[in-house]
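Undergrad: Below: one structure in structure tokens.
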Amino acid sequence: MKLGAAFLEDRDGAAAIVIAFMTPILIGGLAFGAEVGAWEMTKRRIQNAADTAAYAAGTQVRAGYDATTTTNAALVVATDSGYKSGAAGITVESPPTSAPIAVDGTDPNGDSRFVHVVLTETVQRNFTRYFASDNTIDIVSESVARVENGRPACVLALAPNVSGAVSAGALFFRRSTDLLTTTHQTAIDNCRL
């Protein structure tokens, strides 16, 4: 056993001491990075859901449906796109009152041609809860859709001999040429340019 000055000059095991101090910092950094990365993935999923929900809400506004039907359509599409918080975390405004200004400078607020959808999903903190006052974080995504008049719906099947190429509600067609003999001639006429 070394005593006194010989002990202070000894360098054996110095790397072990540095590793012992740095390992918790390294593991903490990795855990923090993994959690923030998971938040970013959730944000991307929610943003995709907000974009599709705004589009769905826009189609409902264009069709003349009320706010409840518009919100329900947006919620169904958002849920199908991976949104998990349900009706409590969705806001649909038409016309918008708190939408951001568009990149081209257009202000959608107060304009009935726009639909604004906000999705909020609450995520549990894992590692970061030790550094924050609460155990959850709200991830918010929003999207704005502009409702424009367009052409009526069109029914088009590219393969005339494929069974089930087109179906509409309870009507099923064996071949797309069967559409020509139905009462849905308007939908076919809408496909013409």
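Undergrad: When the residues of the range 120-134 are narrowed to those that are among the polar types (S, T, N, Q) and within 23 Å of the chain's Cα centre (by Cα), which ends up least open to solvent (accessible area, probe 1.4 Å)? Show your work before the answer.
TA: First pass over the range 120-134, keeping only residues among the polar types (S, T, N, Q): 120, 122, 124, 126, 128, 133.
Still in the running and within 23 Å of the chain's Cα centre (by Cα): 120, 122, 124, 126.
Details: 120: 42, 122: 80, 124: 118, 126: 97 Å².
Applying the filter and picking the extreme gives 120.
Undergrad: Within the range 50-72, restricting attention to residues that are exposed (fewer than 13 other Cβ atoms within 10 Å of the Cβ) and not polar (S, T, N, Q), which residue is nearest to residue 86 (Cα to Cα)? Talk me through it step by step, then tell me what you get.
TA: Taking the range 50-72 first, the residues exposed (fewer than 13 other Cβ atoms within 10 Å of the Cβ) are 63-64, 66, 68.
From what's left, not polar (S, T, N, Q): 63-64, 66.
On the way: 63: 24, 64: 24, 66: 20 Å.
Among those residues, the one meeting the criterion is 66.
Undergrad: Something else now. List, please: which pairs have Cβ atoms under 6 Å, are six or more places apart or on different chains, and start with a residue in the range 33-50 that is over 14 Å from residue 79 (Cα atoms) and end with one that is open to solvent by less than 70 Å² (accessible area, probe 1.4 Å) and assigned to a helix (DSSP H, G or I)?
TA: The qualifying pairs are 35/127; 35/128.
Undergrad: Here is a follow-up. Which one is most open to solvent (accessible area, probe 1.4 Å) among residues in the range 84-102 that are within 15 Å of residue 141 (Cα to Cα) and in contact with a Ser or Thr (Cβ under 6 Å, 6 or more places away or on another chain)?
TA: 92
Undergrad: Would you check if residue 70 is modelled with pLDDT under 90, in contact with a helix residue (DSSP H, G or I) (Cβ under 8 Å, 6 or more places away or on another chain) and over 23 Å from residue 138 (Cα atoms)?
TA: So residue 70 fails the test.
Conditions tested, residue by residue: (1) open to solvent by 60 Å² or more (accessible area, probe 1.4 Å); (2) farther than 25 Å from residue 129 by Cβ; (3) in contact with an Asp or Glu (Cβ under 9 Å, 6 or more places away or on another chain); (4) not in a helix (DSSP H, G or I).
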residue: 15; (1), (2), (3), (4): yes, yes, no, no
residue: 28; (1), (2), (3), (4): no, no, no, no
residue: 37; (1), (2), (3), (4): no, no, no, no
residue: 44; (1), (2), (3), (4): yes, no, no, no
residue: 48; (1), (2), (3), (4): yes, yes, no, no
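Undergrad: Report every pair of residues separated by at least 6 positions or lying on different chains whose Cβ atoms are under 6 Å apart, first residue within the range 103-114 and farther than 20 Å from residue 59 by Cα, second open to solvent by 50 Å² or more (accessible area, probe 1.4 Å) and in a loop (DSSP other than H, G, I, E, B).
TA: 107/101
Undergrad: Limited to the range 81-102, what total is found for residues that are in contact (Cβ under 8 Å) with a residue 12 or more places away in the chain and either β-branched (Val, Ile, Thr) or out of contact with any helix residue (DSSP H, G or I) (no Cβ under 7 Å at 6 or more places or on another chain) (or both)?
TA: Total meeting the criteria: 14.
The values are calculated or read from the model by the stated rules, or taken from the named source; none is laboratory data. Predicted model, so just to flag it, every value in this text is computed and none were measured. Positions of Cβ are generated from backbone atoms using ideal geometry, with glycine treated the same way; all protein chains shown enter the neighbour counts. Heavy atoms of the whole protein, side chains included, go into the accessibility calculation; ligands, DNA and RNA do not. Shrake-Rupley method; radii C 1.70, N 1.55, O 1.52, S 1.80 Å.
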